[in-house]
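**Q** What follows is a structure written as structure tokens; I'll ask about it next.
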Amino acid sequence: MLTNETIAAIATAPGRGGVGIVRVSGPAVQAMAQSLLGCVPPVRLATFGRFRNAIGEILDEGIALYFAGPHSFTGEDVLELQGHGGPMVLRRVLQRCIELGARMAEPGEFTKRAFLNDKLDLAQAEAVADLIDASSEEAAKSALRSLRGEFSSQVRQLVDQVIHLRMLVEASLDFPEEDIDFLEAADAKGQLKTIQGQLAAVSKAAKQGSILREGVHVVLVGQPNVGKSSLMNALAGDDVAIVTDIAGTTRDAIREQIHIEGVPLHIIDTAGLRETIDQVEQIGINRTWQAIEKADIALLLVDARHGLTEAEQAILDRFPDKLRRLKVFNKIDLSGEQAGLGESNGIPVIYLSAKQGLGIDLLRAQLLAAVGFESDGQGVFMARARHLDAIRRAAGHLGEADMQYMQIELFAEELRLAQNALNEITGEFSADDLLGEIFSRFCIGK
Ligand code: GDP
Ligand code: ZN
């Protein structure tokens, strides 16, 4: 893809910083450098320069970096102006680029151009955004794996194997009498099984990655002083917990986020529900219930010396059935019980002390197990719901192919559909609206 539009944006985060970067990409870059810097800097060489306006006044000074296309991030000519990181100075440099014929870049447009110029495939481009958004070390590592193409190359290998099998099937159609024998001899069935096995492995790794990306939504039920805050701190442990406390309006749900083994736990505190159980029509409460509808796990926290209150039981009775429940008896150091795992009415029960740090690992493991996260962290790559969906469909078609083995035309058709589904992941044939949807969620300047 070649475009005649040159785009520009401030690539560094808004606000003040040591360095601020204006990034420009497109065919006008060389001419722009000439006007702005008085020269086109040597390729890939950090070059000190003064950034000037139309009448030669200095707007800022700093480092200019020029990358000649196609050897650049976008595949086009790219200029990076690294100046002082203040909003006004950056805005003026950007303004100058606009005067010289660039237009403001849309969110993710640099990465979109990289994709359209075959510098990245779609899964890699998505990983760029996921790396920027990563909230834990594990999430960042897995996004980087996807960005470096590990996910894509596994998908491509699968596609290659499917293509190979399809060619075999097509060839067998040339021998209508003994076509089945032909496939048998080539062990088509065995090949299909191998592909299915590898797809299952990719699917598993992708699911782990998507848990790292999406996190787990936990509804926390417990009276004041039962130890909710203490438990959150204990759970977070020495994970670099970014504990945020976004208290909304008084009637809004309180959300916090901690990480367990890099998995973000989005916690909704139902304290507000307890107080106002009879006034369910209020907006904030409705919002909390909406959040509960989408949650994965309900964590019931009780003082080991007492049980649940009636009000809490009433809230619990309204929880959706699909919400997995975990019951935690806290403060066992006071009740004299042992740390451990039990079960009541099919609900796992964990005995622990948040304050003494007893039994915390048991809860951590239960929380991760409840969403199917296995945290060896190895070979996990970042994946999105879109990818999981494509994998699921590909697996479905391979399953169909397996059943239709004796009807070779159908067998071939299912293989073709499986290949298409896999190709969606890397964006081999992507609709424009899908691209728009993906790139619009990026930040400006990326
Ligand atoms: P929250 O109101 O539910 O968030 O409860 P906090 O976490 O603020 O804890 C309330 C009080 O209970 C604090 O004084 C904690 O130190 C104490 N606490 C929390 N967990 C334990 C525990 O396991 N054992 C003991 N003895 N005290 C605890
Ligand atoms: Zn608290």
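**Q** For the chain, what % of the accessible area comes from carbon and sulfur atoms, probe 1.4 Å?
**A** 52
**Q** Moving on. Quickly rank 349-356, 400-407, 92-99 as a protection proxy: mean count of other C-beta atoms within 10 Å, highest first.
**A** Packing order, densest peptide first, comes out as 349-356, 92-99, 400-407.
**Q** Is the shape of segment 108-151 rounded, prolate or oblate, going by the alpha carbon gyration tensor and its root eigenvalues a ≥ b ≥ c, with a/c under 1.5 for rounded and a/b larger than b/c for prolate?
**A** oblate
**Q** Using the Cα centre of segment 1-97 as the reference point, and only Cβ charges (+1 on K/R, -1 on D/E), how large is the resulting charge dipole? Debye, rounded to the nearest 20.
**A** About 240 debye.
**Q** Please compute the per residue accessible area over the chain with all protein chains in place, 1.4 Å probe, rounded to a whole number of Å².
**A** Accessible surface, normalised per residue, equals 48 Å².
**Q** Most mobile of 78, 226, 218 per a Gaussian network model of the chain (Cα springs, under 10 Å)?
**A** Highest fluctuation of the listed residues: 226.
**Q** When the chain is treated as a GNM, springs tying every alpha-carbon pair under 10 Å, which of 345, 423, 286 comes out with the largest mean-square fluctuation?
**A** Comparing 345, 423, 286 in a Gaussian network model of the chain, the most mobile one is 345.
**Q** Taking only Cα atoms and a 10 Å spring cutoff, compute GNM fluctuations for the chain and point out the largest among 333, 60, 321.
**A** Checking each option, the largest mean-square fluctuation is seen for 321.
**Q** Separate question: Can you tell me the order of 322-328, 18-24, 53-59, 84-90 when each peptide is scored by its average per-residue count of other Cβ atoms within 10 angstrom, highest first?
**A** Answer by packing, highest mean first, reads 18-24, 322-328, 84-90, 53-59.
**Q** So, one more: Grab the eigenvalues of the alpha-carbon gyration tensor for segment 3-59, scale each by 5, take roots, and send me the semi-axes largest first in whole angstrom.
**A** 19, 16, 13
**Q** Which of 300, 43, 344 sits closest to the plus end of the dipole of the chain, meaning its Cα is farthest towards the positive end, when Lys and Arg get +1 and Asp and Glu get -1 on the C-beta?
**A** Projecting each Cα onto the dipole axis, the largest value belongs to 43.
**Q** Label residue 48 and residue 345 with points 7 Å out from Cα along Cα→Cβ: what is the distance between them in nm?
**A** Result for the modelled spin labels: 7.4 nm.
**Q** Compare the peptides 127-136, 258-267 by average per-residue count of other Cβ atoms within 10 angstrom and give them in order, highest first.
**A** Top to bottom by mean Cβ count within 10 Å: 258-267, 127-136.
**Q** Tell me the volume per residue, in Å³, of the convex hull enclosing the alpha carbons of the chain.
**A** Cα convex hull per residue, to the nearest whole number: 194 Å³.
**Q** Determine how many Å³ per residue the convex hull of the Cα atoms of segment 289-373 encloses.
**A** Spread over its residues, the Cα hull of segment 289-373 gives 102 Å³ apiece.
**Q** For segment 138-200, what does the alpha-carbon gyration tensor say about shape, rounded, prolate or oblate, given a ≥ b ≥ c as the root eigenvalues, a/c under 1.5 as rounded, and a/b over b/c as prolate?
**A** prolate
**Q** Where a ≥ b ≥ c are the square roots of the eigenvalues of the C-alpha gyration tensor, would you call segment 54-154 rounded, which needs a/c under 1.5, or, failing that, prolate if a/b is larger than b/c, or oblate?
**A** Note, shape of segment 54-154 comes out prolate.
**Q** Then there is this: So, counting K/R as plus one and D/E as minus one, what does the shell of residues with Cβ under 12 Å around residue 400 add up to?
**A** That sum, taken over residues with Cβ under 12 Å, equals -1.
The values are calculated or read from the model by the stated rules, or taken from the named source; none is laboratory data. Bear in mind the structure is a predicted one, so any value in this text is a computation, not a measurement. All Cβ positions, glycine included, derive from the backbone under ideal geometry; neighbour counts span all protein chains shown. Note: areas computed on protein heavy atoms with side chains; ligands, DNA, RNA excluded. Shrake-Rupley method; radii C 1.70, N 1.55, O 1.52, S 1.80 Å.
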